[in-house]
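Undergrad: Can you read through this structure? Questions will come right after.
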Amino acid sequence: MKYDLIIVGGGAGAFASAIRANELQAKTALINSGLPLGGTCVNVGCVPSKTLLYAGEILHHAKNHGVPGVELEVKNFDFQKVVQDELSLVERLRQEKYEKVLKNLEYVTAIEGKAKFVSQNEVEVNGPAFAKAMAGREKLSAEKFIIAAGSTATVPPIEGIQEVGFVTHIEALKMPKQPKSLIVIGAGPLGLEFAQMFSRFGTKVTILQRGDSIFPHSEKELTNRLAEILSREGIAIKTNVEVKSARKEGDKKIVSYQI
């Protein structure tokens, strides 16, 4: 099948391109796999993470507001309910802001599947929409292409990490059970967000950072102050460390590192 434009990806960039193509009345195919339509922000980025961060902030301030004469008691914290509310919000926004909008784009066809270039102007798509085609694949062609496939988390080559098991920022947003303890490898923006979030939920958190400070490439005054705040909240911060290996001991996971 021939199109004016084929967009590979289904995140914010791909979605904006599809809307513009529709305005220009260009026959367009949007091919997406991996994350659901909407990409990082609505599915595994700012929407879910900030929802959980807000819950942690409310919990933290209720326990540590510091207002004289005001006593507050947190009677219950239901981790599963907080996560379920976050996931429900993600689903609702994805449907309202992406799926419903895409269905109303007259010149855009959404296709679920993986695209592979087989020539300069042709892609082969493997997905459920082409289950009846040869080996579940179909070839599509276009005059122009936009590649907006996004990126994936990089897992460091730590000995034993695959066997022990781990979570990335994606799985951390939908944990069925709150962990009693958590090791965060890396102290960039995402690592710090998740460290503080889970710490405020009551999880014992340790940050392992390869460099000499958290939040690298920022001003020293800022990183020192941030480390002070996080430490005061009970987060253990280890800098200048090299994570060597991971292993299991009973029901626990052990990470070995070298200073």
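The values are calculated or read from the model by the stated rules, or taken from the named source; none is laboratory data. All values reported here derive from a predicted model rather than from experimental measurement. Neighbour counts run over all protein chains shown; Cβ positions are idealised from the backbone, glycine included.
Undergrad: Does the stretch 96-113 include one or more residues that are in contact with a Pro (Cβ under 9 Å, 6 or more places away or on another chain), surrounded by fewer than 19 Cβ atoms within 10 Å (Cβ to Cβ) and outside the structural domain of residue 195 (by TED's automatic domain parsing)?
TA: yes
Undergrad: In the stretch 124-150, how many are at pLDDT below 90 and not in a loop (DSSP other than H, G, I, E, B)?
TA: Within the stretch 124-150, residues that are at pLDDT below 90 and not in a loop (DSSP other than H, G, I, E, B) number 9.
Undergrad: A further question follows. Looking at 91, 71, 96, which one is of a type in the set (Asp, Glu) and at pLDDT below 95?
TA: Of the residues listed, the single one that is of a type in the set (Asp, Glu) and at pLDDT below 95 is 71.
Undergrad: If you scan the stretch 1-23, which residues turn out to be touching a residue at least 24 places away in the same chain (Cβ under 8 Å), surrounded by fewer than 20 Cβ atoms within 10 Å (Cβ to Cβ) and not β-branched (Val, Ile, Thr)?
TA: 1, 2, 4, 12, 13, 17, 22
Undergrad: Examine the stretch 72-81 for a residue that is surrounded by 12 or more Cβ atoms within 10 Å (Cβ to Cβ), over 20 Å from the mean Cα position of the chain (by Cα) and on the phi < 0 side of the Ramachandran plot, and state whether such a residue exists.
TA: yes
Undergrad: Among (1) assigned by TED's automatic domain parsing to the domain that holds residue 244; (2) assigned to a loop (DSSP other than H, G, I, E, B); (3) within 16 Å of the chain's Cα centre (by Cα), which single condition is residue 153 missing?
TA: Exception for residue 153: condition (1).
Undergrad: Consider the stretch 52-93. How many of its residues are outside any helix (DSSP H, G or I), over 11 Å from residue 201 (Cα atoms) and either in contact (Cβ under 8 Å) with a residue 12 or more places away in the chain or touching a Leu at 6+ places or on another chain (Cβ under 7 Å) (or both)?
TA: The number of residues fulfilling the criteria is 2.
Undergrad: For residue 88, are the conditions met, namely being more than 18 Å from residue 8 (Cα to Cα), out of contact with any Cys (no Cβ under 9 Å at 6 or more places or on another chain), surrounded by fewer than 14 Cβ atoms within 10 Å (Cβ to Cβ) and among the polar types (S, T, N, Q)?
TA: It is true that residue 88 is more than 18 Å from residue 8 (Cα to Cα), out of contact with any Cys (no Cβ under 9 Å at 6 or more places or on another chain), surrounded by fewer than 14 Cβ atoms within 10 Å (Cβ to Cβ) and among the polar types (S, T, N, Q).
Undergrad: Output yes when any residue across the stretch 31-49 is surrounded by fewer than 13 Cβ atoms within 10 Å (Cβ to Cβ) and of a type in the set (A, V, I, L, M), and no when none is.
TA: no
Undergrad: Which residues, counting only those in the stretch 138-155, are among the hydroxyl-bearing types (Ser, Thr, Tyr) and either crowded, with 19+ Cβ neighbours inside 10 Å or touching a helix residue (DSSP H, G or I) at 6+ places or on another chain (Cβ under 9 Å) (or both)?
TA: 151
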